[in-house]
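Below is the structure I would like to discuss, written out as structure tokens.
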Amino acid sequence: MLRKKTQTKYIFVVGGVMSGVGKGIAVASIGRLLQAHGIKATAIKIDPYINVDAGTMNPTEHGEVFVLRDGLECDQDMGNYERFLGTDLSGANYMTTGSVYRKIINDERNMRYKGKCVEVVPHVPLEVISRIKHAAKVNKAEVVLIEIGGTIGEYQNVLFLEAIRILRLKESDSVFLALVSYLPLQGDGNELKTKPTQYAIKSLNAAGLHPDMVFARAKTPLDKKRKEKIAFNCSISVENVISAPDVESIYDIPNNFKRENVDKIILESLGLKSRGFRFKDWAHAARRAHSAKHRVKIGIVGKYFSTGSFMLADSYISVIESIRHASYSLNLKPEIVWLNADDYVGARNLNDLKKFDGIIVPGGFGGRGIEGKIAAIKFCRENKIPYFGLCYGMQLAAVEIARHVAKLKGAHTVEINPHTKYPIIDVMPDQKEKLANHDYGGTMRLGSYTARISKGTIAEKAYEKHTISERHRHRYEVNPKFIAKLEKAGAVFSGKSPDGKLMEIMELPRTKHPFFLGTQFHPEFQSSLLSPHPLFVEFIRASAEK
């Protein structure tokens, strides 16, 4: 007897009232719970931007640009999905308005519509549905969670809401719609106000949709009276109005959702059966965020300060989470402090760095704050403060060693000084023509690349293996012409591309420094709560020992 093929289920998550209140974490948390029930789940982010991908977006406006294994530059929520689901996603799991329109226009030009009049409706929503189904196939998923960026009231989201309506019309038993809506506090009594959420649901109704579940985001837990009010005014079961208060750690959210029976409600609604609930590993790891007694103080020397601390955290979200993962695994509570690179220009305020157990210089582009970063790196090297350089942070560490140890006065990266006598960091030769033509969207080494690890190094101790695969996002490399001079100055290139031409990890021997290491890749893109990145773990361990 042939087994009946299981129909794919789709869970859409949309936002009401305001953006940035946790749709991505809600998607990731639901996915984690479904996985705990033995259900194969994957997640998609839809961004309502005309940008084809997130590669050219400014981090201060959009947040971190996350890079997938296949090199696609995408929204930071994709990082949350990977960290919660414990899986590598691909370009099939991300789309923007720009990528959808480009595909439709290319198909029309190539006569794939066979001469039909191609229209915004229905062809754009149908292309969105086609991509969602393709992602389900690629990931062999039983359930696809789809987050639609922004809020339902925004004009640019109308076509994505139409895609939900069409899919629900065709497969009504397979579509579940959840709304994440913020409840503001008002007055001295701090009353949670439900009216904005009621209006958000009416906006959904105007698009021909009605939510099956409402996640009531608020500073505090939602009381029974507020749940009943939303349920009565919006024709939703009280049980399906979910209290989603602020929490100390985002890794508590799946457990909070479990207490609110989110998983059981979704399973029953979509006709799915649990294959046994296995959640102990996640619950145990999440508790470490609260049980740690000893602190480790980490300073991040960055440049995105003019936009405020919220956007600063968004710009470096994967770095922050990687610090947390590593710290929790060592039963430590991280204290993360933002340090303005401009404060250290001219060797000012450097003694303040002694207050920290470890210093990180993360990735980035451009010349703003660069001399302050180099001064901070020099201070960490000379004063044996654990230092971890990520991408740009490794390149600047190479420049610092070239200047102050190898005595190559004026050594620099050609990104900042194209005419430097000592171009320690240079652009890849095959990319120079693209840069000359201002084709900035296609000039970087992106995605996963293999590297070989040298024996007897900090990198080998951390990884406990000699072949690794890490994700990249950069245009510039350590110039091969200066490798010998840097090595003579004490630098050890402990990670290299398989052909030995590209320098992937640079460190100082532990006999010279407790931890001074930089990576050309971005290790923060491959760290999760259940699998902290080994280099972050080694860095935090060294910092705690300091």
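Identify all residues within region 230-265 that are surrounded by 20 or more Cβ atoms within 10 Å (Cβ to Cβ) and assigned to a helix (DSSP H, G or I); write none if there are none.
The answer is Ile230, Cys234, Asn240, Ile250, Tyr251, Ile253, Pro254, Phe257, Val262, Asp263.
Give region 55-77 a look and list any residue that's buried (at least 22 other Cβ atoms within 10 Å of the Cβ), within 24 Å of Tyr155 (Cβ to Cβ) and of a type in the set (A, V, I, L, M), or say none.
The answer is none; no residue qualifies.
Can you tell me how many residues in region 347-361 are out of contact with any Lys or Arg (no Cβ under 9 Å at 6 or more places or on another chain), at pLDDT 95 or above and within 13 Å of Val301 (Cβ to Cβ)?
Qualifying residue count for the region: 4.
Give Val180, Val144 a once-over and let me know the one that is touching a Ser or Thr at 6+ places or on another chain (Cβ under 7 Å) and modelled with pLDDT of 95 or more.
Val144
How many residues, within region 488-546, are closer than 24 Å to Asp281 by Cβ and of a type in the set (S, T, N, Q)?
4
A further question follows. Out of Pro211, Pro221, I need the residue that is assigned to a loop (DSSP other than H, G, I, E, B), of a type outside the set (Asp, Glu) and surrounded by fewer than 20 Cβ atoms within 10 Å (Cβ to Cβ). Which one?
Pro221
Among the residues of region 137-153, are any hydrophobic (A, V, I, L, M, F, W, C), more than 22 Å from Ile25 (Cβ to Cβ) and assigned by TED's automatic domain parsing to the domain that holds Asn51?
For region 137-153, residues hydrophobic (A, V, I, L, M, F, W, C), more than 22 Å from Ile25 (Cβ to Cβ) and assigned by TED's automatic domain parsing to the domain that holds Asn51: present.
Could you tell me which of the residues Lys434, Lys512, Lys501, Lys546 is out of contact with any Cys (no Cβ under 9 Å at 6 or more places or on another chain), at pLDDT below 95 and within 21 Å of Ile359 (Cβ to Cβ)?
Lys546
Of all residues in region 86-123 being surrounded by 21 or more Cβ atoms within 10 Å (Cβ to Cβ) and aliphatic (A, V, I, L, M), which is nearest to Gly447 (Cα to Cα)?
Leu89
Here's another thing I want to ask about it. For region 324-343, how many residues are modelled with pLDDT under 95, farther than 18 Å from Gly518 by Cα and in a helix (DSSP H, G or I)?
Of the residues in that region, 2 qualify.
Kindly check whether there is at least one residue in region 370-381 that is surrounded by 22 or more Cβ atoms within 10 Å (Cβ to Cβ), in a loop (DSSP other than H, G, I, E, B) and not small (Gly, Ala, Ser).
Among the residues of region 370-381, not one is surrounded by 22 or more Cβ atoms within 10 Å (Cβ to Cβ), in a loop (DSSP other than H, G, I, E, B) and not small (Gly, Ala, Ser), which makes the answer no.
Let me ask something else about it. Does Phe176 count as among the hydrophobic types (A, V, I, L, M, F, W, C), outside any strand (DSSP E or B) and crowded, with 20+ Cβ neighbours inside 10 Å?
no
Got a number for residues in region 441-469 being within 29 Å of Ser531 (Cα to Cα), crowded, with 19+ Cβ neighbours inside 10 Å and out of contact with any His (no Cβ under 7 Å at 6 or more places or on another chain)?
Total meeting the criteria: 7.
Restricting to region 442-462, and then to whatever is closer than 30 Å to Ala54 by Cα and polar (S, T, N, Q), can you tell me which residue is nearest to the chain's Cα centre (by Cα)?
Of everything passing the filter in region 442-462, Ser448 is nearest to the chain's Cα centre (by Cα).
Give the residue, chosen from Leu204, Leu161, that is in contact with a Pro (Cβ under 8 Å, 6 or more places away or on another chain), at pLDDT 95 or above, assigned to a helix (DSSP H, G or I) and among the aliphatic types (A, V, I, L, M).
Leu204
The values are calculated or read from the model by the stated rules, or taken from the named source; none is laboratory data. From a predicted model like this one, the values you see are computed outputs, not experimental measurements. Please note: Cβ atoms are built from the backbone with ideal geometry, for glycine as well, and neighbour counts cover all protein chains shown.
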